[in-house]
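To keep things clear, I will list the structure first and then write my remarks on it.
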Amino acid sequence: MQESAKWGLMTLIACIALVVILATQTDVFDANSTSESPEQNLLESTSDNPDSLAFECLDHSGLSRHDHAWLRIYIDGEEKEMPSPIGINTGVCNEQGANMHVVHVHDNQPNYLHIESNDPIDVPLGVFFDIWDVHFNETGIFDYRVNETHSMRMTVDGIESTEFDDLLLLDGQSIAIFYE
């Protein structure tokens, strides 16, 4: 066989081998991936961009607002027990006298939100979840997200609400969040 024919045959075999290798790798990649990059696969969280009210601390002098609301959270039919305290003596609010966030839960009253402020302000429910440092909006709660098999709904005093994190907290409300 001529020298040029040998090189031509070896080049052809190398090209075929390369095509087979690339085709195999592409099939494996396509079968195990999504169209999103690895960074996009990480769960986005509303707590990554907290409301500025989540950084306000109370000294309990001259409160203009001191309201309470009940919050219950159900995941697949089971009530999620909130750890307590939430929003008291945190990395943000930890000074003597100014150790509580605008929305907080005491040890002895789980699920009972205290909404307090030195000014007469509106406080959305999302602020509490920002203080708690967990995700909450219409897309899901905690690490649970709405998808083809799971939905989320919220009731306020027994009436369906679509306000989710934008719901303004009012005295005496009973809020229930259901991820099912």
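No value in this document is a laboratory result; all are computed from the given coordinates. Since this is a predicted model, take the numbers as computed values, not measurements. FYI the Cβ positions are ideal-geometry reconstructions off the backbone, even for glycines, and counts take in every protein chain you see.
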In 10 Å bins starting at 0, how do the alpha-carbon pair distances of the range 123-180 split up by percent?
24, 56, 19, 1
Name the residue farthest towards the positive end of the dipole of the range 82-174 from the options L169, G91, V127, assuming +1 on Cβ of Lys and Arg, -1 on Cβ of Asp and Glu, about the Cα centre.
G91
About its Cα centre, what dipole magnitude does the range 50-179 give when the only charges are +1 on Lys and Arg Cβ and -1 on Asp and Glu Cβ, stated in debye to the nearest 20?
160 debye
Three-way shape call for the range 50-179 based on the alpha-carbon gyration tensor, with the a/c threshold at 1.5:
prolate
